[in-house]
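The values are calculated or read from the model by the stated rules, or taken from the named source; none is laboratory data. Keep in mind that what you see is a predicted model, and the values were worked out from it rather than measured. With ideal geometry, Cβ positions are generated from the backbone for all residues, glycine too; neighbour counts draw on all protein chains shown. All accessible areas refer to the heavy atoms of the entire protein, side chains included, with ligands and DNA or RNA removed. Shrake-Rupley method; radii C 1.70, N 1.55, O 1.52, S 1.80 Å.
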Amino acid sequence: MKHLITFLLMAGLASTGTSQNHAAEVESLLKKMTIEEKIGQMTQVTIGAVGNGKEGETDAVKLKEAIQKYHIGSILNVDQHAMSVAEWHRMLTAIQDEAMKSRLEIPIIYGLDAIHGQTYTLESTLFPQNIAIAASRNIGIAKKAAKITAAELRASGVRWNFGPMLDCGRQVYWSRFPESYGEDTYIGKVMGSAAVKGYEEDGLGKTTSVASCMKHYMGYSNPRNGKDRTPAYIPEIELREHYLPQFREAVASGASSVMINSSLINGVPTHGDKYLLTDVLRKELGFKGVAVSDWEDIKRLYTWHKVASSPLDAVVIGVNAGVDMSMVPYDFSFATLLLEAVNKKLVSMERIDEAVRRILTMKYNVGLFANPYPEKEAIGQFGKPEYKDFAFEAAAEATTLLKNTNNILPLKPGIKILVAGPSAQSKAALNGAWSYTWQGKDEKWYPESELTILEAFQQKIGRENVITTSGIGYDDPANFEVKALRDAAQNVDAVVLCLGENAYAESPGNIFTLDMPTEQKELIRAAKSSGKPVIVVLNQGRPLFITDMVNEMDAILLAYWSGSGGAKAIVSTIMGDNNPSGILPFSYPKYPGDIVLYDHIFTETIREVFNNNVGTGYDPLFAFGFGLSYTTFEYSDLKLSDNKMSANTTIKVSVTVQNTGSRQGKHSVELYTHDQYASIAPSVRRLRAFQKIELKAGEKKTVTFDLNAEDLEFVNAQLKRVTEPGEFDVMIGELKGTFDYR
Ligand code: BGC
């Protein structure tokens, strides 16, 4: 009996949520495999390595070599750009045909970065980037967007998604900040978990699901110098407080795989960090799925990080640390070197079997052994009209109104406007990273049916009421012509300026300053000098510094990179069909030299002036959680069901919310706590729960939250999660209650 239990545990039966019981099949297949076949399964290459240079085509000789000689287990990526569903099916069929000729007929698992919708299938529906999803504070949106993404991926024949990204966005300069859920750990935890469920919860055997990949484990998101793939220095206490919980939650939600942080923490490249990859991830979090490297990162243990003294050493360090699959990605060196390492007894057969067992289990779970080919029955899931409606709803709910002087918005019907600026006619600037191409910059791959902001205005208020001076995208100099803008403004009632950042992803998005570019500021000044109201739409991934421009703008609408429905969402907000309810998932900084996060500890805000050391240093341009509405909400009657809590009890916290304005609106009620005294200097406030509600004008509602000891915990000096006895404050809006935890 004991042996049986050990076997079942080893074989992954104790695996998370959605995986099914394929243990017996996996073990039987494993027994038949040669060492070369096993190592091949651990090898992943990019499609370019087996392609012929044309999108969607493979090179028969290279593919045969990859599969029959090196026995590779996985392929990823596109050559350059998105393809049609039919092209995907053709290419994947060619790949699986070759795999079915191999001795054991082990199918290839194909992986893609469907980051905010299915990036790489033409005509797919793209949703707001994670930063915008976080602004919506609507967990249902995170989940549904993931479900649709899964359906469109699977319709394209792909069953493994490299998402969600769970890196906590605590460094605004980082080029992948828009892919994050922002600076708060709790938001990242609940949104990330919802995404994992959206991808996987139908059951991976069903054609509506894909295996998810939580990434990038962990600490990737806070490089000290802000540049992508550069070192982070994060003490373990902070790693555990702010970066680990999202992964713990995603594991519990059933994530099938994890991708490793490309960079280093405290000088240790994560790909070689056995403590994080094995002790924490496996033993502590209980993760049973596949750990895949990021791009070329095993090689880079040698070529970049210099913790390995040779390519062989790099493979040994990476695999022994806990990487199961190497995204090599251009060649087969990993397979050759790993074989050498096993022969030299530098890597054990147990470690190889463990990795291969996980990979085969994932392949069984996603149904590849039952049918390795693109599933014809899934094609109908692609491109349903309701996806576009939902993309609009998601974008509308994310849109965050930051300024609205004299209630200039919504604009009145019958108004005539000038729509200008570099993102007025750019789909790239509406979508950002991972949109039909990696960088998302190339306008020609966007669906023709997708609207630009200019087109959405023309549709909404009539072509005769909209003029423009803009051309298409950031590269068109017409977009920065100040005089043309000023002249045109004379003929309208208001100017809508569409500014921000063009699309970028990863290192090409590295930036040296987050100041709004001078040429954009000039546009604002020119518009303002016309005397007409200036409404600025910010299509951007990161918070550009606009402090010196705020007075020149009558209204500011932060639209983030909000996807296929972005233009319509912006227009419907400006024209008042959508009442904005997005609120910031980060602190919008005022100055580059003064970046303080909302959950800082008190001393971070101290600005000592002789004896006056009162903290006032949390002074962002717009605070975390800020966002205006066309109506107003008031809180009253904060009640706690008890003023004492113990380890096993729950306190109910309720508050009455009333819509005191004149129109219906959605609103996120946010509950914060503050530990008055603790062994580690406590954060001034931490978001512990939120609920998004909708109220008609005048309507009142009581919102109730359950709070327990786990919600209050923090990581102590011994790196344990604890809730220490003492007084806690609960804050909702300006209201505050206190209870005692014993
Ligand atoms: C990125 C990952 C991505 C991988 C595969 C890497 O450069 O860091 O997020 O999943 O490429 O495209």
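Do you know which residues across the stretch 605-647 are farther than 28 Å from L401 by Cβ, in contact (Cβ under 8 Å) with a residue 12 or more places away in the chain and out of contact with any strand residue (DSSP E or B) (no Cβ under 6 Å at 6 or more places or on another chain)?
Of the stretch 605-647, the ones farther than 28 Å from L401 by Cβ are 606-615, 639-647.
Then keep just the ones that are in contact (Cβ under 8 Å) with a residue 12 or more places away in the chain; that gives 615, 639-647.
Scanning the stretch 605-647 gives S646, A647.
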**Prompt:** How do the pairs read when you match residues in the stretch 247-261 that are part of a loop (DSSP other than H, G, I, E, B) with residues anywhere that are of a type in the set (D, E) and open to solvent by less than 10 Å² (accessible area, probe 1.4 Å), using Cβ under 7 Å and keeping only pairs 6 or more apart or on different chains?
**Reply:** G254/E200; S256/E200
**Prompt:** Among the residues of the stretch 504-515, is any buried (at least 23 other Cβ atoms within 10 Å of the Cβ) and under 25 Å from K403 (Cα atoms)?
**Reply:** no
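Among V534, V571, V550, which is of a type in the set (V, I, T), open to solvent by 10 Å² or more (accessible area, probe 1.4 Å) and at pLDDT 95 or above? Give the steps one after another, and end with the answer.
Numbers: V534 fails: open to solvent by 10 Å² or more (accessible area, probe 1.4 Å); V571 fails: open to solvent by 10 Å² or more (accessible area, probe 1.4 Å).
Exactly one of V534, V571, V550 is of a type in the set (V, I, T), open to solvent by 10 Å² or more (accessible area, probe 1.4 Å) and at pLDDT 95 or above, namely V550.
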**Asked** In the stretch 649-695, which residues are in contact with a Lys or Arg (Cβ under 7 Å, 6 or more places away or on another chain) and within 27 Å of T603 (Cα to Cα)?
**Response** L671, Y672, T673, H674, F690
**Request:** Check F392 against each of (1) crowded, with 19+ Cβ neighbours inside 10 Å; (2) within 16 Å of the ligand (Cβ to nearest atom) and name the one condition it does not meet.
**Result:** (2)
**Complete:** Being crowded, with 19+ Cβ neighbours inside 10 Å, over 24 Å from D294 (Cα atoms) and touching a residue at least 12 places away in the same chain (Cβ under 8 Å) narrows H89, H116 down to just H89
**Asked** Going through the stretch 104-148 one residue at a time, which ones are hydroxyl-bearing (S, T, Y) and more than 16 Å from the ligand (Cβ to nearest atom)?
**Response** S124, T125, S136
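Taking the stretch 195-211 on its own, how many of its residues are within 16 Å of the ligand (Cβ to nearest atom) and closer than 20 Å to I379 by Cα? Full working, then the answer.
Just the residues of the stretch 195-211 that are within 16 Å of the ligand (Cβ to nearest atom), to begin with: 195-196, 199, 210-211.
Remaining after also requiring closer than 20 Å to I379 by Cα: 199, 210-211.
Residues flagged as within 16 Å of the ligand (Cβ to nearest atom) and closer than 20 Å to I379 by Cα within the stretch 195-211 amount to 3.
Quick test for you: out of V158, V196, pick the one residue that is under 30 Å from K363 (Cβ atoms), in contact with a Phe, Trp or Tyr (Cβ under 7 Å, 6 or more places away or on another chain), buried (at least 24 other Cβ atoms within 10 Å of the Cβ) and β-branched (V, I, T).
Working: V196 fails: in contact with a Phe, Trp or Tyr (Cβ under 7 Å, 6 or more places away or on another chain).
Selected residue: V158, the only one of V158, V196 that is under 30 Å from K363 (Cβ atoms), in contact with a Phe, Trp or Tyr (Cβ under 7 Å, 6 or more places away or on another chain), buried (at least 24 other Cβ atoms within 10 Å of the Cβ) and β-branched (V, I, T).
Name the residue that is farthest from the ligand (Cβ to nearest atom), counting only residues in the stretch 60-80 that are open to solvent by 40 Å² or more (accessible area, probe 1.4 Å) and touching a strand residue (DSSP E or B) at 6+ places or on another chain (Cβ under 9 Å).
H71
Would you pick out the residues in the stretch 160-184 that are outside any loop (DSSP other than H, G, I, E, B), more than 8 Å from the chain's Cα centre (by Cα) and within 11 Å of the ligand (Cβ to nearest atom)? Walk me through how you get there before you give the answer.
We begin by selecting, within the stretch 160-184, every residue outside any loop (DSSP other than H, G, I, E, B); these are 160-161, 165, 177-179.
Among the residues that remain, those that are also more than 8 Å from the chain's Cα centre (by Cα) are: 160-161, 177.
Of everything in the stretch 160-184, those that are outside any loop (DSSP other than H, G, I, E, B), more than 8 Å from the chain's Cα centre (by Cα) and within 11 Å of the ligand (Cβ to nearest atom) turn out to be W160, N161.
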**Asked** Here are M83, M91, M100: which of them is farther than 17 Å from F334 by Cβ and within 16 Å of the ligand (Cβ to nearest atom)?
**Response** M83
